[in-house]
Amino acid sequence: MDKLYDKLGGQPTLDKVVQDFHKRILADNTLQPFFANTDMEKQRQHQVAFFAQIFEGPNEYKGRAMEKTHAGMNLQQSHFDAIVSHLKESMASVGASTEDTNAAVARVDKLKGAILNK
C-alpha cells in the first residue's frame, strides 16, 4: 500500500497545499486573528513538516505537541471545521483525489481533541 504522503506527491505538493491553505486561513475573518502575531514563514515550515509526518512521510516535525501549541487559544468546533474546509479546498487546488483528501482529513480529525484542548 502506498503511503498517503507519496500518493499526494510528497514534499512539492505539500508545499503547494500549505501555501494555499495559509492564504485561505489568513483571508478567513474567523481564523486570521489567531495568526496575527505569527511568523507565517516559520509556521509554513512547521505545517509542511507536520503534514508530512501525519501523512506517513518524513518524520521531521520539530514543533510542539498539538495540546501545547493550541493551549489557551479557546478554539471551538467552528474553528476546527473552518480549518478542515480550507484544507479540503487547498488539497483540491493541487488536484488531490477525494479519496486522498478524505484520508488526510481523517488524520487531522484524529487530532481534534488535542487541537481543541477537549
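The values are calculated or read from the model by the stated rules, or taken from the named source; none is laboratory data. Here the structure is a predicted model, which is why all the values come from computation and not from measurement. Reconstructed Cβ throughout: ideal geometry from the backbone, glycine too, with neighbour counts over all protein chains shown. Side chains are part of the model used for accessible areas, which takes the heavy atoms of the whole protein and leaves out ligands, DNA and RNA. Shrake-Rupley method; radii C 1.70, N 1.55, O 1.52, S 1.80 Å.
Looking only at residues in the range 88-118 that are hydrophobic (A, V, I, L, M, F, W, C) and not in a helix (DSSP H, G or I), which one is nearest to the chain's Cα centre (by Cα)?
First, pick out the residues of the range 88-118 that are hydrophobic (A, V, I, L, M, F, W, C): 91-92, 94, 96, 103-106, 108, 111, 114-116.
Subset that is not in a helix (DSSP H, G or I): 94, 96, 111.
Numbers: 94: 14, 96: 14, 111: 11 Å.
The qualifying residue nearest to the chain's Cα centre (by Cα) is 111.
For the range 92-109: of the residues being open to solvent by 40 Å² or more (accessible area, probe 1.4 Å) and of a type outside the set (D, E, K, R), which is farthest from residue 13 (Cα to Cα)?
Taking the candidates together, the pick is 106.
For the range 16-34, what are the residues that are in contact with a helix residue (DSSP H, G or I) (Cβ under 7 Å, 6 or more places away or on another chain), more than 13 Å from residue 91 (Cβ to Cβ) and touching a residue at least 12 places away in the same chain (Cβ under 8 Å)?
22, 25, 26, 28, 30, 31
Those residues that are in contact with an Asp or Glu (Cβ under 8 Å, 6 or more places away or on another chain) and among the β-branched types (Val, Ile, Thr), I need them from the range 21-65; list them, please.
48 - this is the single residue of the range 21-65 that is in contact with an Asp or Glu (Cβ under 8 Å, 6 or more places away or on another chain) and among the β-branched types (Val, Ile, Thr).
Given 45, 11, which one is part of a helix (DSSP H, G or I) and free of Cβ contacts under 8 Å to residues at least 12 places away in the same chain?
45 is the lone residue from the list that is part of a helix (DSSP H, G or I) and free of Cβ contacts under 8 Å to residues at least 12 places away in the same chain.
Look at the range 82-116 and say how many of its residues are free of Cβ contacts under 8 Å to residues at least 24 places away in the same chain and within 17 Å of residue 35 (Cβ to Cβ).
Within the range 82-116, residues that are free of Cβ contacts under 8 Å to residues at least 24 places away in the same chain and within 17 Å of residue 35 (Cβ to Cβ) number 1.
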